[in-house]
Amino acid sequence: MSRLSSAFERSLPDEAATARLAADLALVLKQGDVVALSGDLGAGKTHFARAFIRALAGDPALEVPSPTYTLAQVYETRPKVTHFDLYRLGDESELDELGFEEAVETGLVLVEWPERATDALTSAGLHIELTDGPAGGRTAHIRATEDAAKRVARTLAARDFLAQAGFAEADRAPFQGDASARRYETVTAEGAAPMILMDSPALILGPPVRDGLPYARIAHTAETVLPFVAIARALSEAGLGAPAILDANLDAGFVLMSDLGRGIVLDETNCPIPERYEATMAALAHWHAHPPRRELPALGDAVHVVPPFDRGALRIEVSLLLDWYWPHLRGRLPDEAERQRFETVWNALFDRLEDAEPAIVLRDLQWPNLVWRPDEAGLKQVAILDFQDAMIGPSAYDVASLAQDARVDMPLELEQRLLDHYIGLRAAQDGTFDRARFAQDYAIMSAQRSTKILGIFVRLFRRDGKPQYLRHIPRIQSYLQRSLMHPVLGDLAALYRDWALLDDTAARTQDL
């Protein structure tokens, strides 16, 4: 047990509190975790175990019998959980016959009476002991390894944040996240509308990659939840759909917001619904029609200074293609001459963006970040999410992000329809709107975004073990080929053609 160095203690005045703790821990445990559950007879282990498994299953009515006689019970949850009760274990060697090691390798393990088997006890990354509380109820004594302790501390901190917000007894459940380190949960409380909890600890900066700075600093990636709160407020004040911020702890990285619903902008066959994308373009045109503010109020006296989408950010983003996509195709990194040619071509394009129309660029307008709300009217019918990395840069970037949605096939005809819709709205708002200039900026920014995404999707696979993003690469290649048709991108098109970076055959040979 010497591995279990970190300790936590929670007072559990009643069975409901015990069930909440079990569910809170279930939120952050994963495949390979072993939870040892100790306590005298009648200490509440069975109640804890039942609540824990039901939380994993997402079914509060799931039948969870005690495995006192069978010794083990498997539940096909996510991850799969095997519940061991070793009270009647005759000999420790029986643990192998019960498939303990396989259960650890293939899922999550919960062990009652772990003291009956040394292997079970020493395998535990989390040990929970339930005892009588000094003033009634129970006390949970939690010990954890370093890795598990970080996750336990975070989920307990989230519970404390909800308590401070007035929702101490709220139910929490996992909610679909994204490619980042952020976590999302649904929060339900009696008498309150559905809510979403965003758990976003301060960004851990990586090693220096250029000019002594880490990638996130150069790309102006959000390091705290402050930008999210500020941009959400600005969108709402502009009359657009965005989550209402109900409470936030800017230092701890927790945001409690309204749940906007589950409506999407795709049809039942997962194809874009043109009218819903047009509605999003209308919201975007409204947002871009006003000069961007650099300083945005967030919470209390806190103010967010929106960073610029400057040359440093533009360059570091496109360089992801060289650092990840290129070696994935070719099995080597580009040499210095190849990098220099790439930099020269892109710098010439960035020169053309110096006087592009500025806007607060929301950065990630694609269907998973859009919520369709049929009960709302006008610009609020579509709500926008995932905008914490917003910067002040060319307005065309957001239009390209939406019209060339990275997560769903956008036919060329629909892309042109959306682009025409946006341009028509902007021209009606402003008689000086330069259509030709915007078309040029759109071509550059769409190519910049596609170039970056090709690198990101390979990085998610190679570095983060997320191969599911590779299936989007052929679509991004197609978008990039469309963008390269614009005359302003002639040199870039020649470069990519010389390097065969968009050659489908080469891509397939690398299992893209």
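The values are calculated or read from the model by the stated rules, or taken from the named source; none is laboratory data. What you see is a predicted model, and the numbers here were worked out from it, not measured in a lab. Please note: Cβ atoms are built from the backbone with ideal geometry, for glycine as well, and neighbour counts cover all protein chains shown. Just so you know, the surface numbers come from the protein's heavy atoms only, side chains and all, with ligands and any DNA or RNA stripped out. Shrake-Rupley method; radii C 1.70, N 1.55, O 1.52, S 1.80 Å.
Roughly what angle does helix 15-26 make with the longest principal axis of the chain, taking Cα atoms, 0 to 90 degrees, to the nearest 10?
50 degrees
Note down the magnitude of the dipole of the range 81-200 about its Cα centre, charges +1 on Lys and Arg C-beta and -1 on Asp and Glu C-beta and zero elsewhere, to the nearest 20 debye.
820 debye
Run through the DSSP bridge list for the chain and note the antiparallel percent, rounded to the nearest 5. Write out the running numbers ahead of the final one.
Values: 50 of 66 bridges.
Bridges in the chain that DSSP calls antiparallel: roughly 75 percent.
Would you check the accessible area of Lys45, probe 1.4 Å, heavy atoms only, in square angstrom rounded to 10?
10 Å²
As a quick test, which of the pairs Lys80/Lys466; Lys150/Lys466; Lys80/Lys452; Lys45/Lys150 have an alpha carbon distance above 26 angstrom in this structure?
Numbers: Lys80/Lys466 20 Å; Lys150/Lys466 22 Å; Lys80/Lys452 36 Å; Lys45/Lys150 23 Å.
From the list (Lys80/Lys466; Lys150/Lys466; Lys80/Lys452; Lys45/Lys150), the Cα-Cα distance tops 26 Å for Lys80/Lys452.
With a 1.4 Å probe and every protein chain left in place, tell me how much accessible area Val371 has, in Å² to the nearest 10.
Surface open to solvent at Val371 totals about 10 Å².
What's the magnitude of the charge dipole for the chain around its Cα centre, counting Lys and Arg as +1 and Asp and Glu as -1 at the beta-carbon? Answer in Debye, nearest 20.
On the way: 53 positive and 75 negative charges, 218 e Å.
Its charge dipole is roughly 1040 debye.
How long is the gain from Gln481 to Phe175 if the chain were fully straight, where each residue apart is worth 0.36 nm and the alpha carbon distance is subtracted?
Numbers: separation 306, 0.36 × 306 = 110.16 nm, distance 3.52 nm.
My answer for the length gained is 106.6 nm.
Using +1 at the Cβ of each Lys and Arg and -1 at the Cβ of each Asp and Glu in the chain, identify which of Ala43, Thr122, Pro297 lies farthest towards the dipole's positive end.
So the residue we want is Pro297.
Taking 8 Å as the Cα distance limit and 6 or more residues as the minimum spacing, I'd like the relative contact order of the range 32-96 as a percentage. Numbers along the way, then the final one.
On the way: 48 pairs, mean separation 13.6, N = 65.
Averaging sequence separation for qualifying contacts and normalising by length gives 21 percent for the range 32-96.
Where the only charges are on Cβ atoms (+1 Lys, Arg; -1 Asp, Glu), what is the dipole of the range 359-508 about its Cα centre, to the nearest 20 debye?
Numbers: 19 positive and 19 negative charges, 92 e Å.
Magnitude of the dipole: close to 440 debye.
Each residue of the range 208-220 in turn: what ³J(HN,Hα) in whole Hz from Karplus with 6.51, -1.76, 1.60 and θ = phi - 60°, glycine and Pro shown as x?
Per-residue couplings from phi come out as x, 10, 7, 6, x, 10, x, 3, 4, 5, 5, 7, 6 Hz.
Could you let me know the centre-to-centre spacing of the range 375-448 and the range 1-29, using Cα atoms, in angstrom?
First find each Cα centre; the distance between them is then 47 Å.
What spacing in nm lies between the two simple spin-label points modelled at Arg332 and Glu102, each 7 Å away from Cα in the Cβ direction?
Spacing of the two 7 Å Cα→Cβ label points: 4.7 nm.
Per residue, what accessible area does the chain have, given a 1.4 Å probe and all protein chains present, in Å²?
Working: 22840 Å² over 512 residues.
Ligands and nucleic acids excluded, the figure is 45 Å² per residue.
By accessible area of protein heavy atoms, probe 1.4 Å, what ranking do Lys452, Lys30 get, highest first?
Lys30, Lys452
Of Asp119, Asp441, which has the most accessible area with a 1.4 Å probe, and how do the rest follow in descending order?
Working: Asp119 75, Asp441 5 Å².
Result of the area sort, largest leading: Asp119, Asp441.
In the full protein assembly as shown, how much of Trp324 is accessible to a 1.4 Å probe, in Å² to the nearest 10?
70 Å²
If I compute percent of Cα pairs over 42 Å apart from the structure I just sent, which labelled value in (1) 13; (2) 30; (3) 20 lines up?
Step by step, percent of Cα pairs over 42 Å apart for this structure corresponds to label (2).
Say R0 is 56 Å: what FRET efficiency, to the nearest 0.05, do Val74 and Ile273 get from their beta-carbon distance?
Values: r = 41 Å, r/R0 = 0.74.
E(calc), rounded to 0.05, equals 0.85.
Net charge near Leu414, counting Lys/Arg +1 and Asp/Glu -1 over other residues with Cβ under 15 Å of its Cβ?
Details: positive: Arg276, Arg407, Arg417, Arg475, Arg482; negative: Asp267, Glu275, Glu278, Asp405, Asp409, Glu413, Glu415, Asp420.
Result for the neighbourhood of Leu414: -3.
Rounded to the nearest 500, what is the chain's calculated 222 nm mean residue ellipticity when only DSSP H runs of at least 4 contribute -39500 (n - 2.57) each, over all residues? Don't skip to the answer; put the middle values down first.
Working: 18 runs with 206 residues, N = 512.
Result for the chain: -12500 deg cm²/dmol, rounded to the nearest 500.
Take the Cβ-Cβ distance between Ala377 and Val303 as r, set R0 to 25 Å, and report the resulting FRET efficiency rounded to the nearest 0.05.
Working: r = 31 Å, r/R0 = 1.26.
That gives a FRET efficiency of 0.20.
Does the range 1-146 come out rounded, prolate or oblate, given a ≥ b ≥ c as the square roots of the eigenvalues of its C-alpha gyration tensor, rounded meaning a/c under 1.5 and, failing that, prolate meaning a/b above b/c?
Numbers: a/c = 1.41, a/b = 1.24, b/c = 1.14.
Rounded.
Sorted by average packing, counted as other Cβ atoms within 10 angstrom per residue and highest first, what order do 105-117, 327-339 take? Don't skip to the answer; put the middle values down first.
On the way: 105-117: 21.7, 327-339: 12.9.
The peptides rank, most packed first, as 105-117, 327-339.
Between Gln468 and Asp132, take the C-beta separation as r, use R0 = 56 Å, and let me know the FRET efficiency to the nearest 0.05. Can you show the working numbers first?
Working: r = 47 Å, r/R0 = 0.84.
For R0 = 56 Å, the calculated efficiency reads 0.75.
Roughly how many percent of the accessible protein surface of the chain is carbon and sulfur, given a 1.4 Å probe and a whole-percent answer? All intermediate terms of the calculation are to be shown ahead of the outcome.
Details: 11510 of 22840 Å².
The computed percentage sits at 50.
If amide hydrogens are placed 1.01 Å from N in the peptide plane, which non-local residues have theirs closer than 5 Å to the one on Phe309?
Ile392, Gly393
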